[in-house]
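Enquirer: Quick one: this structure, given as structure tokens, is what I'll be asking you about.
The values are calculated or read from the model by the stated rules, or taken from the named source; none is laboratory data. Because the structure is a prediction, the values reported are computed rather than measured. Cβ placement follows ideal geometry from the backbone for every residue including glycine, while neighbour counts extend to all protein chains displayed.
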Amino acid sequence: MKLSSLQDTFGTKRPNSAAFFERASHTISGGVNGNLRYFAPFPIIFEKADAASLIDLDGHRYVDYLLSYGALMLGHAHPEVLNAVQRAWTEQGTSSFGATHPLEMEMTDELLALYPSFDQVRFTNSGLEATLFALRLATAHTGKACIAKFEGHYHGAHDHVLQSVNPTADLYGTTQAPKSVPESYGTPDYYRDHTVILPFNDWEACERILTEKAGQICAVIMEPLLSGYIAADRAFMKNLRELTTQLGIVLIFDEVKTGFRIEVGGAQAFYGVEPDLTALGKVAGGGFPIGVVGGKRAIMELSSPLRSPKKSEVVFHSGTFNGNPLSIAAGLATIRYLKQPGNFERIVANTHELRSGIDALAKQYDLPFQTLGEGTIFNVMATREPIGHYRDLGKNNGQLRLALDFLLMDNGVYSKPLNRFSMSAAHGPAEIQKTLDAFEKSMAALKQDPLA
Ligand SMILES: Cc1ncc(COP(=O)(O)O)c(C=O)c1O
């Protein structure tokens, strides 16, 4: 089979999405409110969601594994989240105080209990704002202007971290000295020049680069699992913690994807390593916009207006909707659900069941697919080779995975082409069976008529 004919069939089956996207693209730039949402020939337009399902403009129903990029850990409109939001709105009479309110304190207490590395927190409206603020705190704390980030790690859509997110082999340099490659047109060269790129999971190279450049680096920011599903070696994480402490570099875990998903206490609980600062987002808002920065008192307090009346001595942070009661109520309901005995474990067990089923089908049809991940996040890689580094992703057969994605969509499963899979409390035995049936049909089709 040809990928182009799968894309043609995709288009023919979705005339309403095609026409709508065509219209949208005239007045919404590219038809999408975020570049990652686009895929060719056109992204599906959804008009409804229900627990673990999405329904598109042409009436097709899909088991949803995108889950708004992993944010909806209890599924769409979980009754406990819905009730909490309705209650907060009714009882408090507003969607935003623009001031401190009691629910913020309840959420703070839950976060401090679950994330022992937090002495203090601040809320933001997105993961982007959380990583941006964490880096500003680190700059203030150390007085150094460069950041170090890992090749292939995503920290949101701001200039300093939009470097080497998905660099290509012709630009990324050697593993011993990876180059900083801008991800976006329009980011000032300053950010490229003040970003040190580290190779994930390669301790020797990281140790050398960090030691050489320690005098310039304020922080190492990282996704503890690359893209949320490629785990670092435990020794790598331990070494990184020790070296950054020795060198006076702030260690920031960006747990926007992994928070509440690898373990309820995040990847830091999984590794048993405490960073200095953490960025959370996605699940923390229970399906509403949120970001959180949490960490050590000595760093967090740099933003306290109680510290000094002088602007020059206080790290600025603000946001109109920071800590708004609806996001906080939804996040609290989600966290409290996940803390009830058995609930998180059930989502993990379901993830394992689904992954084992997919891996078994790949074996049965003798196709080069494998699942990779931890906790409630995984991806389907189109290669039999082991994947442990960003550059290993080059072994993934992107065209084959894309073909699988188009077949899966036609069989009622959606993760957005080439995207990882996230599980939710709404994905039960029926959804898992439907998904495995879709994988079986898709793999059978690929076996019978291989991708040409
Ligand atoms: C690891 C990580 N950091 C930061 C962000 C940015 O979060 P937001 O999209 O809420 O700005 C994301 C979003 O996908 C992410 O995965």
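Enquirer: Within the group Ala138, Ala134, which residue is crowded, with 24+ Cβ neighbours inside 10 Å, within 16 Å of the ligand (Cβ to nearest atom), under 15 Å from Glu255 (Cα atoms) and in contact (Cβ under 8 Å) with a residue 60 or more places away in the chain?
Expert: It is Ala134.
Enquirer: Here are Leu226, Leu171, Leu210, Leu243: which of them is outside the structural domain of Asn379 (by TED's automatic domain parsing), over 23 Å from the mean Cα position of the chain (by Cα), among the aliphatic types (A, V, I, L, M) and under 20 Å from Lys395 (Cα atoms)?
Expert: Checking each option against the conditions leaves just Leu171.
Enquirer: Give me the pairs: first residue in region 246-264 and in contact (Cβ under 8 Å) with a residue 12 or more places away in the chain, second residue among the acidic types (Asp, Glu) and surrounded by fewer than 24 Cβ atoms within 10 Å (Cβ to Cβ), beta-carbon distance under 9 Å, and six or more apart or on different chains, which are they?
Expert: Partner pairs satisfying both residue conditions: Leu251/Glu274; Phe253/Glu274; Thr258/Glu374; Arg261/Glu374; Ile262/Glu374; Glu263/Glu374.
Enquirer: When Ser25 is evaluated against the numbered criteria (1) closer than 28 Å to Thr351 by Cβ; (2) part of a helix (DSSP H, G or I); (3) of a type outside the set (A, V, I, L, M, F, W, C); (4) not assigned by TED's automatic domain parsing to the domain that holds Leu326, which criterion, by number, is the only one it fails?
Expert: Ser25 satisfies all of (1) closer than 28 Å to Thr351 by Cβ; (2) part of a helix (DSSP H, G or I); (3) of a type outside the set (A, V, I, L, M, F, W, C); (4) not assigned by TED's automatic domain parsing to the domain that holds Leu326 except (1).
Enquirer: Here's a follow-up. Any idea which of Val283, Val273 is more than 24 Å from Thr142 (Cβ to Cβ) and either in the same structural domain as Ala157 (by TED's automatic domain parsing) or in contact (Cβ under 8 Å) with a residue 24 or more places away in the chain (or both)?
Expert: Val283
Enquirer: Identify all residues within region 383-397 that are in a loop (DSSP other than H, G, I, E, B) and over 26 Å from Glu263 (Cα atoms); write none if there are none.
Expert: Thr383, Arg384, Glu385, Asn396, Asn397
Enquirer: Now, a different point. Going through Gly266, Gly215, Gly319 one at a time, which residue ends up being at pLDDT 95 or above and either crowded, with 21+ Cβ neighbours inside 10 Å or assigned by TED's automatic domain parsing to the domain that holds Leu67 (or both)?
Expert: Gly266
Enquirer: Can you tell which of Lys149, Lys213, Lys179 is within 16 Å of the ligand (Cβ to nearest atom) and of a type in the set (Lys, Arg)?
Expert: Lys149
Enquirer: Separate question: In this structure, is Asp359 under 16 Å from Leu446 (Cβ atoms), at pLDDT 95 or above, acidic (Asp, Glu) and assigned to a helix (DSSP H, G or I)?
Expert: yes
Enquirer: Then there's this: Could you tell me whether any residue of region 221-228 is in contact (Cβ under 8 Å) with a residue 40 or more places away in the chain, under 28 Å from Leu326 (Cα atoms) and away from the ligand (no atom under 11 Å from the Cβ)?
Expert: There is no residue in region 221-228 that is in contact (Cβ under 8 Å) with a residue 40 or more places away in the chain, under 28 Å from Leu326 (Cα atoms) and away from the ligand (no atom under 11 Å from the Cβ).
Enquirer: Go through region 409-452 and report how many residues are more than 19 Å from Gly75 (Cβ to Cβ) and either buried (at least 20 other Cβ atoms within 10 Å of the Cβ) or in contact (Cβ under 8 Å) with a residue 24 or more places away in the chain (or both).
Expert: Of the residues in that region, 19 qualify.
Enquirer: Another one. Give the residue, chosen from Ile335, Ile290, Ile328, that is more than 15 Å from the ligand (Cβ to nearest atom), surrounded by 24 or more Cβ atoms within 10 Å (Cβ to Cβ) and either under 15 Å from the mean Cα position of the chain (by Cα) or in the same structural domain as Tyr229 (by TED's automatic domain parsing) (or both).
Expert: Testing whether each residue is more than 15 Å from the ligand (Cβ to nearest atom), surrounded by 24 or more Cβ atoms within 10 Å (Cβ to Cβ) and either under 15 Å from the mean Cα position of the chain (by Cα) or in the same structural domain as Tyr229 (by TED's automatic domain parsing) (or both) leaves just Ile328.
Enquirer: Given the conditions (1) within 13 Å of the ligand (Cβ to nearest atom); (2) more than 26 Å from Leu82 (Cβ to Cβ); (3) not small (Gly, Ala, Ser), and given that Phe270 satisfies all but one, which numbered condition is not satisfied?
Expert: Condition (1) is where Phe270 drops out.
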